[in-house]
Amino acid sequence: MVPPSIRRITGALVFQLDTPLTLLLLLSLTIFSAILVIPLASLLAKPATGISMDVVRGLLEYPYVAWPPLGEWVISVDRGDHKLVILRFKDMGIIPNTLIIAFSVTVLATLIGVLVAYVSARYEFPGRALLRILSLVPLLYTPFVNAFVAYKIFGDNGILYNAMIWFNLGYALEITYIAGVILAQTMMFWPIVYLNTLAALLQVDPSLEEQAENMGARGFRLFRSVTLPLSLPGVAAGAGLVFIFSMEDLAAPIAFKVDRVVSREIVRAIVGSRDIEALSVEVVILAGLLLVSALLWFIAVKQYVSLRQYAMIVRGGRWKPRVTRPGLPMYIVIYLAVFPLVVFSMLPQLGVLVYAFSGSWLGVLPSGFTLDHFRELLRDPNVISGLRNSVIYSTIAITLIVVISTTIAYVVSRVRVIGVGVLDLLATSPLAIPGLSIALGLVILYSIGPFKGSFLDPFSNPAVLIALAYSVRKGPFTTRAVYAGLQQVHQALEEAGMNMGASRSRVLFTIVLPLIGLNVMAGAIVSFVYCMTEVSTSIVLGALNPAQAPITYVIYEYVTAGYGGGAFIHLAAAIVTLIMVLQVIAITISNYILKFRYAFLGV
Amino acid sequence: MAEVRLEGVSKYFGRFKALDRVSFTVKPGEIFTLLGPSGCGKTTTLRVIAGFEIPEEGRVYIDGVDVTFKKPYERNTAMVFQNYALWPHMTVFDNIAYGLKVRGYSREEIRKRVSWALELLGLKGLENRYPLQLSGGQQQRVALARAIVVEPKVLLFDEPLSNLDARLRIRVREEIVLLQRKLRITTIYVTHDQEEAMSISDRIAVMDRGRIVQIGTPWEVYSNPANVFIATFMGRSNVLEGVVVGREANGLYIVDINGLRVYGTSRESLGEGDRVKVVIRNEDAELLEEDRTSPNVVEGKVVRASLIGFAIQARLLLDNGEIIAIYLKNKTTINEGEKLRIYISPEDVKIYKSLETVEV
């Protein structure tokens with residue numbers, strides 16, 4: 001028997017919707033269940049079958065936990081004419097390493113992001129527009145290659161090292177291993193905090209700050225007592241995402257040769273296994289841990305402010321935000337700290353270009369400008385197949401995304417039924433759920449039972465699951481754009497339609513969609529780009545059948561090939577350059593369409 | 001012409017009871033107004049009739065058919081929204097034609113009917129404009145045209161004049177009445193403006209805190225308010241507190257207000273010693289030029305006089321220390337400090353037992 005509460009909710013839903021919309025909603029729920037909820041549930045349930053005290057004990061020992069820690073924090077070497085200092089951090093085992101890196105990166109990225117956002121939102125200074133544009137550059141997604149650039153600059157025999165030798169300072173610095181990962185991820189992820197905080201700051205009602213000033217608060221006190229608390233939701237959302245992205249990042253650990261982190265352990269295990277039975281229970285538990293810590297973060301942030309509401313209030317220009325001229329100390333901070341910081345964070349993107357257009361880059365300076373790598377791309381069957389696959393998967397995904405996002409955003413914002421909040425959660429949470437956990441969940445669920453050998457079995461045919469996973473993981477960008485659009489459509493416009501005799505879905509198609517069409521399109525463009533650059537599920541599922549692998553898997557293969565990786569780095573950089581161009585075009589178009597600052601929560 | 005009937009309709013928003021057992025019958029072809037202050041439930045009542053809200057209790061009938069659980073698009077009501085709700089992406093023509101298209105009329109028929117509505121509302125020549133290119137008054141008419149063109153069983157107006165300026169408001173409300181007389185569509189009209197309500201309605205239902213507190217013709221409601229709330233809501237009045245001290249053979253009660261004795265009437269039956277509220281409308285005070293002493297003649301000193309257009313409003317300090325406001329129509333100047341003698345007919349002194357609303 002169906003419990004009465006469920007019956008009542010379904011009844012209310014069907015009453016407020018109509019048949020076509022109910023069917024669309026069912027389709028959306030089916031996809032979310034099949035690609036998100038059930039796979040994640042099987043991921044969490046899977047260890048129950050193979051777990052034992054031995055496994056638990058094993059997880060507290062090497063390589064999962066290393067106590068006492070291995071290696072050195074800092075190594076210093078006397079090389080006669082100079083002293084070399086190598087900053088590296090100790091290896092504490094897979095689980096502590098991952099958490100320490102994620103935590104450090106979150107703290108650093110939050111500090112930098114809040115500082116840059118505050119300066120950019122509240123001060124008027126020459127170059128402010130430039131600062132805002134430059135601080136978007138680090139957000140351009142450059143899968144894997146960015147981390148190799150960071151390694152090139154700070155790592156063994158890196159540019160920093162050579163520059164210090166050249167200046168003959170008497171000592172030289174290298175940042176490698178875990179310290180390097182923290183540095184590289186901080187460079188990559190702080191703009192996420194920046195964008196979310198900026199959006200929140202621009203949204204703070206200026207009169208609230210004016211009132212505080214009127215009461216005598218100013219300077220840091222004003223910031224600490226009013227401005228920061230009011231923008232805390234944005235800060236928290238950004239910090240939460242950084243934590244999750246850091247945990248599942250593969251690029252920096254690969255570039256800085258850190259094997260013992262959760263993300264690499266999971267990928268190594270899947271790539272190496274030919275069927276599901278070969279997966280060790282420990283790996284499944286690691287993916288579960290990843291998922292649980294991400295969910296805890298997500299719930300904590302959600303408690304504070306829903307990501308959805310968040311997207312809705314990103315609508316600049318309604319108020320004139322408060323802007324002041326900086327005093328001398330602030331000028332110094334802006335030009336000597338903030339600007340250099342932003343330019344510094346652009347180095348990976350610039351480095352990608354250097355790799356893509358140079359013949360070789362072994363020493364400090366690259367040599368030989370060339371377009372050969374791009375010519376080579378056109379002849380490389382792996383690249384061509386990867387690009388074709390990515391375009392196909394992304395196109396399928398985007399079609400689904402438009403349908404699902406519009407349906408869910410509409411239902412959530414217009415239908416008053418208990419439980420609609422769950423839909424909202426489903427639609428926005430994929431942004432914050434580690435793709436590696438989703439991927440592993442999919443592998444576990446669809447390689448057993450009735451699915452084994454079917455068209456869904458990822459070991460023979462990962463294509464379907466990749467496209468579906470894209471549609472779930474990258475849908476939130478469109479969902480948020482649609483929410484924002486619906487927010488601006490007065491509900492009376494729809495009621496007038498129904499009052500004139502039009503059904504819900506007719507109102508949706510003749511009134512709502514024409515009014516928010518541009519929002520849907522802008523969101524879809526952004527989602528498309530992020531499908532094209534999706535990493536986690538692409539690599540895990542793509543590895544199961546390379547013929548069906550998307551372009552990000554090809555990049556991964558090229559940067560990890562060869563001893564220590566990086567054998568085809570120039571070629572990978574050329575692919576990534578194309579992807580960057582695609583992103584710039586898409587972001588420009590969608591920003592132009594939406595006419596407001598659109599916070600990209602993800603990278 | 002359809003009859004609309006509500007039976008014991010209650011609606012909750014969370015724990016808040018927005019409607020409390022609302023019942024009334026709107027006769028076919030009449031203009032029935034729901035009047036009350038903001039938050040009294042009048043718009044919710046209208047939305048229940050339109051189908052945008054489903055009540056937790058009670059039934060709604062249109063033309064004898066139970067529509068309580070019918071969807072908005074199955075009811076054939078037509079609503080004129082407070083903000084007009086014109087679709088900004090459609091021309092005037094398309095806005096008006098929408099309901100006809102939904103009903104599956106032929107192109108030719110749609111053209112004919114829209115053109116009839118355009119003619120009727122004086123919108124000819126504007127059919128290709130977009131709503132944003134129209135003035136507020138024109139938008140209002142388009143909303144009205146869109147509503148009547150589908151030949152609804154019931155026309156619903158949700159404060160349709162509140163976005164117009166004061167002069168336009170009076171003109172448009174007269175037009176609405178004339179149009180309704182011509183088409184004879186049963187009409188339910190929501191407003192918080194008692195003057196608007198009295199001028200357009202066949203009957204008025206006054207609402208307070210989710211309940212209907214009085215139903216009647218404008219004159220019935222105005223001249224014989226069911227309770228103190230209505231008495232003070234319809235027009236301007238003074239509320240004084242007193243104690244019943246006696247009853248005359250002709251049915252008039254005698255009330256002592258802080259030492260001042262007045263004669264008045266009551267809808268309720270009162271006993272000696274009852275604490276009561278005495279309501280006197282500002283315009284019901286008559287200025288006495290001659291020296292006369294009789295019941296309900298009181299003297300007072302003008303503490304404040306101000307011109308309000310058709311009259312002078314004077315605030316009088318009575319001998320018993322109370323201050324009342326009165327309108328003086330045939331006087332050009334009044335000096336503050338001047339002594340005045342006024343008479344209030346016992347018919348115009350309304351006595352109520354308490355502030356509590358009474359069931360109707």
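The values are calculated or read from the model by the stated rules, or taken from the named source; none is laboratory data. Note that this is a predicted model, so its numbers are computed, not measured. Note that we place each Cβ from the backbone using ideal geometry, even for glycine, and neighbour counts take in every protein chain shown. Note: areas computed on protein heavy atoms with side chains; ligands, DNA, RNA excluded. Shrake-Rupley method; radii C 1.70, N 1.55, O 1.52, S 1.80 Å.
At-a-glance table
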item	result
Excluding exposed DSSP-loop trypsin sites (Lys or Arg not before Pro) (at most 13 other C-beta within 10 Å), longest clean stretch of chain A	A:417-594
Residue-wise HN-Hα coupling along segment B:224-234, computed from phi with Karplus coefficients 6.51, -1.76, 1.60 (Hz; x: Gly, Pro)	9, x, 6, 7, 4, 4, 5, 4, 7, 6, 8
Kirkwood-type radius of segment A:51-206, with distances r between different C-alpha atoms, in Å	18.3 Å
Test item: Cα-centred dipole of the protein assembly as shown, Lys/Arg +1 and Asp/Glu -1 on Cβ, debye	1240 debye
Long-range Cα-Cα pairs in chain A (distance over 43 Å), rounded percent	22 percent
Selection of trypsin sites (Lys or Arg not before Pro), segment B:162-221, meeting DSSP coil and at most 16 other Cβ within 10 Å	B:Arg184, B:Arg209
Given charges at Cβ of Lys, Arg, Asp, Glu: chain B dipole, positive-most of B:Val206, B:Gly51, B:Ser115	B:Ser115
Within the accessible area of segment A:518-588 (1.4 Å probe), percent carbon and sulfur	74 percent
Solvent-free Debye scattering, log10 I(q)/I(0), computed from the Cα coordinates of segment A:390-453 at q = 0.14, 0.18, 0.19, 0.29 Å⁻¹	-0.62, -0.91, -0.96, -1.10
Whole-number percent relative contact order across segment A:1-145, with pairs defined as alpha carbons under 8 Å at least 6 apart	12 percent
Virtual spin-label span in nm between B:Glu175 and B:Glu289, 7 Å along Cα→Cβ	4.6 nm
Residues of the protein assembly as shown: accessible area per residue with a 1.4 Å probe, Å²	42 Å²
Loop GluC sites (Glu not before Pro), segment A:123-229 (other Cβ atoms within 10 Å of the site Cβ: 11 or fewer; DSSP)	A:Glu124
Alpha carbon centroid spacing (whole Å) that separates segment A:1-77 from segment B:280-311	79 Å
Net lengthening on full extension, A:Leu208/A:Leu425 (0.36 nm per residue, minus Cα-Cα)	75.1 nm
Distant alpha-carbon pairs in segment A:486-564 (separation over 21 angstrom), percent	55 percent
A:Leu232-A:Asn591 FRET efficiency (beta carbon distance; Förster radius 30 Å; 0.05 resolution)	0.70
For chain B, the longest site-free run once chymotrypsin sites (Phe, Trp or Tyr not before Pro) in DSSP loop states with at most 15 other Cβ atoms within 10 Å are removed	B:70-309
Segment B:193-245 pair-distance distribution - Cα-Cα, 10 Å bins, rounded %	24, 53, 18, 5, 0
Those lysines that a straight Cα-Cα span of less than 27 Å connects to B:Lys71, excepting residues fewer than 8 apart in one chain	B:Lys11, B:Lys17, B:Lys27, B:Lys42, B:Lys101, B:Lys153
Solvent exposure ordering (accessible area, 1.4 Å, most first) of A:Ile593, A:Ile466	A:Ile593, A:Ile466
For segment B:102-110, Karplus couplings with θ = phi - 60° (6.51, -1.76, 1.60), whole Hz, Gly/Pro x	4, 7, x, 5, 6, 4, 4, 5, 4
Inter-probe distance in nm under a simple model that places probes 7 Å from Cα toward Cβ, at A:Phe167 and A:Gln488	4.9 nm
Per-selection Rg to Rh, segment A:48-121 - Cα, Kirkwood hydrodynamic radius	1.21
Positive-end extreme of charge dipole, segment B:143-263 - chosen from B:Pro152, B:Phe229, B:Ala166 (charges on Cβ)	B:Pro152
Euclidean distance of C-alpha centroids, segment B:237-262 and segment A:194-225, integer Å	60 Å
Kirkwood Rh (inverse of mean 1/r, distinct Cα pairs), segment A:1-94, angstrom	19.5 Å
Local net charge near B:Arg304, Cβ-Cβ under 14 Å (Lys/Arg +1, Asp/Glu -1)	0
Inter-probe distance in nm under a simple model that places probes 7 Å from Cα toward Cβ, at B:Glu338 and A:Ala278	10.8 nm
Extension gain (nm, one decimal) between A:Val85 and A:Val37, 0.36 nm per residue minus Cα-Cα	12.5 nm
GluC sites (Glu not before Pro) within segment B:16-113, DSSP loop, no more than 13 other Cβ atoms inside 10 Å	B:Glu56
For q = 0.23 Å⁻¹, Debye-computed log10 I/I(0) when each Cα of segment A:183-274 counts as one equal scatterer	-1.06
Cα Rg, Dmax (largest Cα-Cα span) when computed across segment A:406-528, Å	17.9, 53
C-alpha center-to-center spacing [segment A:490-540, segment A:383-438] in angstrom	12 Å
Net length gained if the chain between B:Lys329 and B:Glu119 were fully extended (0.36 nm per residue, minus Cα distance)	71.3 nm
Distribution of pairwise C-alpha distances over segment B:220-360, 5 Å bins, in %	2, 10, 20, 23, 20, 14, 8, 3, 1
Spatially proximal lysines relative to A:Lys474 (Cα-Cα < 28 Å; intrachain offsets below 8 disregarded)	A:Lys46, A:Lys302, A:Lys452, A:Lys595
Chain A: relative contact order in percent, alpha carbon pairs under 8 Å with at least 6 residues between	21 percent
Rg(Cα)/(2.2 N^0.38 Å) for chain B, N = residue count	1.19
Nearest-10 value in Å² for the accessible area of A:Leu130, using the 1.4 Å probe	100 Å²
